[in-house]
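Participant: Below you will find the structure I want to go over with you.
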Amino acid sequence: MVSDFFQLKEKKTNIRIETVAGITTFLTMAYIIFVNPAILSDAGMDKEALIAVTCMVTALATLIVGVFANAPIAMAPGMGLNAFFAYLVVSGKMDWKTALGVVFLSGFLFLILTLLGLRKKIVEAIPPSLISAIAVGIGLFITFIGLVKLGIVVGDEHTLVKAGPITTTVLIGLLGLLIMLFFEMKKISGGLVVGILAATALAVIFDEKTTLPQKVITLHLNMKAVSFQLNVLGALKWSFFGSIFTLMFMDMFDSVGTLAACCHQANMVDENNKIKGLDRLLGIDAIATMIGAILGTSTTTSYIESAAGIEQGGRSGLASIVTGILFLLSLLFVPIVKIVPDYAAAPALIMVGLFMMKEVKKIDFMNVGEAFPAFIIMVMIALSYSISTGLAFGFISFVLIKVASGRARDIKPAMWLIAVLSILFLTLDRLPDMFEYLKTLF
């Protein structure tokens, strides 16, 4: 029954592989249970309620993907998007209830674009070389995050970053990484999970940044402090439309980049290299954002950590079901989940970065018109610490190069729209200053 529903035979997978993949994805993104509430609480929201909401929204969105899209893609409140949300409030532009209204409206506009088929056309207008570059860029981005979490890369006042000291936590993380590499070389599934668990066990033994919980289960699931508190009418002000569109663009570029990379990695493409079931995934992404706003969290989006589960063999929605169930269980076992330190999960991110670098072979470096935009995407995603920013720079440079070389006819209509949206994304926060400057001229 399960095999038939998720088409496991057609996808050349089985229940064991999908279960391992779902667990892997969960372990690589479980950090959001703690990071998301920490960020949003700066906006004055109740932190304890946010922990429960984060688990609930992630579980619901991911379960919906598993059941209705049959894809190994997890969705959760997006990192960066939550920081933007908190910034809106902290900067005094609006209160957090109105900010939730802004999130809801951005998701609603996103859904309209999806229903009109514009989002699908946007994704399908991106050249293959740029799609591969997105995967490579995200791989570099994830690797950098993993190296920072592990402690191998640290900040520096003069050079921005430098190699960190070799500490006990770094050695524990590196041992976990070696275990993952061993499993990968031996073609044994589940290596990322085993590496994370082994590193966590050593962290507990050596008492390195881990604290055993005083209780195993918590039944306190009060979400009332933030749920159903959004103020949609308050967000319907002209002065807030810039924030609504900015969130929509950020979510669009993040989700498009993530889905393009993960779906190709999971072989979810047809003979024309187009993503299967893209409409459903895009629609669920938009609806998940609206549900998240209602329950009390920032923009929900597709998670690139899904690539970890895909690399473990995840090819169907069963992997997402497993991930979703684990997030539901996390509502009860938050004290246990909290044991896993960042440096124990960090090696999995590094491995995912390694896997995603394989896509670099598909980039046509002999064609400068596509090679340079691909290069910009890879570099800017990693160095700007933002998937959406990297994509925007790459898409704009692609169009400019085509126009400059007299090949504007090769640009698909949707790609022109992408370029315009990219320009708006990069300049939207500067528009008020531009208008003020124009007023001084006239």
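Participant: Which pairs do you get when a residue that is at positive phi, found in segment 268-288, comes within reach of a residue that is part of a loop (DSSP other than H, G, I, E, B), reach meaning Cβ atoms under 6 angstrom, with the pair 6+ apart or on two chains?
Facilitator: The qualifying pairs do not exist here.
Participant: Any idea which residue in segment 140-188 is farthest from residue 311 (Cα to Cα), counting only those that are part of a helix (DSSP H, G or I) and not hydrophobic (A, V, I, L, M, F, W, C)?
Facilitator: Per the criteria, the residue is 168.
Participant: With respect to residue 426, determine if the residue is surrounded by fewer than 16 Cβ atoms within 10 Å (Cβ to Cβ), modelled with pLDDT under 85 and assigned to a helix (DSSP H, G or I).
Facilitator: yes
Participant: While we're on this one: Anything in segment 270-306 that is touching a helix residue (DSSP H, G or I) at 6+ places or on another chain (Cβ under 8 Å) and farther than 24 Å from residue 247 by Cβ? List them, or say none.
Facilitator: 273, 274, 276, 277 - these are the residues of segment 270-306 that are touching a helix residue (DSSP H, G or I) at 6+ places or on another chain (Cβ under 8 Å) and farther than 24 Å from residue 247 by Cβ.
Participant: A further question on this structure: May I ask you to say which residue of 152, 172, 205, 188 is within 30 Å of residue 361 (Cα to Cα) and out of contact with any strand residue (DSSP E or B) (no Cβ under 9 Å at 6 or more places or on another chain)?
Facilitator: 188
Participant: Tell me, which helices (runs of 4 or more DSSP H) lie completely within segment 218-323 with 2 or more residues that are closer than 28 Å to residue 99 by Cα and in contact with a strand residue (DSSP E or B) (Cβ under 7 Å, 6 or more places away or on another chain)?
Facilitator: Correct list: 241-265, 278-295.
Participant: Checking residue 390 against (1) farther than 27 Å from residue 153 by Cα; (2) small (Gly, Ala, Ser); (3) under 16 Å from the mean Cα position of the chain (by Cα): exactly one of these is not met. Which one?
Facilitator: (1)
Participant: Additional query: Looking at segment 358-398, which of its residues are more than 15 Å from residue 131 (Cα to Cα), surrounded by 16 or more Cβ atoms within 10 Å (Cβ to Cβ) and either modelled with pLDDT of 90 or more or of a type in the set (A, V, I, L, M) (or both)?
Facilitator: 382 - this is the single residue of segment 358-398 that is more than 15 Å from residue 131 (Cα to Cα), surrounded by 16 or more Cβ atoms within 10 Å (Cβ to Cβ) and either modelled with pLDDT of 90 or more or of a type in the set (A, V, I, L, M) (or both).
Participant: Name the single residue, out of those in segment 16-54 being polar (S, T, N, Q) and under 23 Å from residue 92 (Cβ atoms), that is surrounded by the most Cβ atoms within 10 Å (Cβ to Cβ).
Facilitator: Within segment 16-54, the match that is surrounded by the most Cβ atoms within 10 Å (Cβ to Cβ) is 36.
Participant: Do you know which of the residues in segment 339-357 that are of a type outside the set (A, V, I, L, M, F, W, C) and either surrounded by fewer than 24 Cβ atoms within 10 Å (Cβ to Cβ) or farther than 24 Å from residue 168 by Cβ (or both) is modelled with the highest pLDDT?
Facilitator: 353
Participant: Looking at segment 98-112, I want the residues that are in contact (Cβ under 8 Å) with a residue 40 or more places away in the chain and have a partner that is of a type in the set (S, T, N, Q) and surrounded by fewer than 22 Cβ atoms within 10 Å (Cβ to Cβ) with Cβ atoms under 8 Å, at least 6 apart or on another chain. Which pairs are those?
Facilitator: Short answer, once both residue conditions are applied: 98/231; 100/229; 100/231; 101/231.
Participant: Within segment 331-351, can you find the residues that are among the hydrophobic types (A, V, I, L, M, F, W, C), part of a helix (DSSP H, G or I) and touching a Ser or Thr at 6+ places or on another chain (Cβ under 7 Å)?
Facilitator: Residues satisfying the conditions are 334, 337, 344, 345, 348, 349, 350.
Participant: So residue 88 ticks every box in (1) in a helix (DSSP H, G or I); (2) under 20 Å from the mean Cα position of the chain (by Cα); (3) modelled with pLDDT under 90 but one. Which box is left unticked?
Facilitator: (2)
The values are calculated or read from the model by the stated rules, or taken from the named source; none is laboratory data. These figures come from a predicted structure and were not determined experimentally. Cβ coordinates were reconstructed from backbone atoms using ideal geometry, including for glycine residues, and neighbour counts include every protein chain displayed.
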